[in-house]
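> Okay, handing you the structure first.
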Amino acid sequence: MPKAQDDSLIEITALQTRQKAKHMGGAVIDTILPPQALLGLDADPIARRMWADVTFLDAPWCEGCGFPFEFAVQGGSLCGRCTVKRPAYDRARAAMAYDDGSRALILSFKHGGRTEGLASFAAQMRRAGRELLPDADMLIPVPLHPSRLIRRRYNQATLLARALSKITPAVFAPDYLFRTRRTESQGAFNARARTENVRGAFAVRHPDKIKGRNVILIDDVLTTGATLESCARALKQAGAARVDGLCLARVAKAAALPT
């Protein structure tokens, strides 16, 4: 058999193997978390009200952290916090505001096992991340500590990254970033305590695969950005060329300036 033809057969076989693996991965998740009707687009009036109350975010926003502005600004404008101190990540964007209108929707996904809205979540994240995604090499979810993953059954950031990888060219890379220790939940901390809580809590497993790459960190909610910053520092120390953040939602209230 000619070498070119032999190589083609090898490539086809490899592609089929990858497609089977991807299908099996989806089947496993569907077994653990059975899909339901698409959240907010079925006959469920409660789900429909959840979507109706969401505030979707878009430009104009801070070039750095993606904080939404209430008025038109020139391109490249920064919010007060980013003007004082740029985050460790390069840019961050979020699809919706985390507020009274979206809280029930997000918490039902994060803690309630309601994963049927993933396709819609990913589509909105792609819209919000349209500046970040075209030249991104990989999507890396913010990892959970194994003990917390066992209790929750799934990492919502991993599910979001996987869903987004299906509609963008970036590669789903869930195994490159890990937690070096179990941290306390960030919910009860102020901004400074959040930073200390996650300082040095992340490390890179395969730095050779990160070096020179454009990475997008995926998470569910951006509050102060402390977790994204800790992850970004670890990835940049491993040689990442650029580290952006893309979240399902973000707190859009003004916060104290960094010190």
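The values are calculated or read from the model by the stated rules, or taken from the named source; none is laboratory data. Just so we're clear, the structure is a prediction, and the values are computed from it rather than from any experiment. When we count neighbours, we look across all protein chains shown, and the Cβ atoms used for this are built from the backbone with ideal geometry, even at glycine.
> Give ILE210, ILE218 a once-over and let me know the one that is at pLDDT 95 or above and farther than 19 Å from ARG93 by Cβ.
That would be ILE210, the only listed residue that is at pLDDT 95 or above and farther than 19 Å from ARG93 by Cβ.
> Also: Name every residue in region 210-256 that is among the aliphatic types (A, V, I, L, M) and in a helix (DSSP H, G or I), in order of residue number.
ILE210, ALA226, LEU228, ALA232, ALA234, LEU235
> Can you find, within region 175-207, the residue that is farthest from ARG148 (Cα to Cα) among those that are part of a loop (DSSP other than H, G, I, E, B) and at pLDDT 90 or above?
Looking at the filtered set, the residue picked out is HIS206.
> Picking from ARG151, ARG162, ARG114, which residue would you name as being within 25 Å of THR195 (Cα to Cα) and of a type outside the set (Gly, Ala, Ser)?
None of the others qualify; the one that does is ARG151.
> Further question: Go through (1) at pLDDT below 95; (2) buried (at least 16 other Cβ atoms within 10 Å of the Cβ) for ARG91 and report which single condition fails.
(1)
> Moving on. Between a first residue in region 89-103 that is under 18 Å from ARG233 (Cα atoms) and a second residue that is of a type in the set (D, E, K, R), which pairs have beta carbons less than 6 Å apart while being 6 or more apart in sequence or on different chains?
Filtered contacts from region 89-103: ASP90/ARG242; ASP90/ASP244; ARG91/ASP244.
> Another one. Can you say whether ALA123 is under 14 Å from the mean Cα position of the chain (by Cα) and part of a strand (DSSP E or B), as far as the supplied structure shows?
No; evaluated as a whole, the condition is false for this residue.
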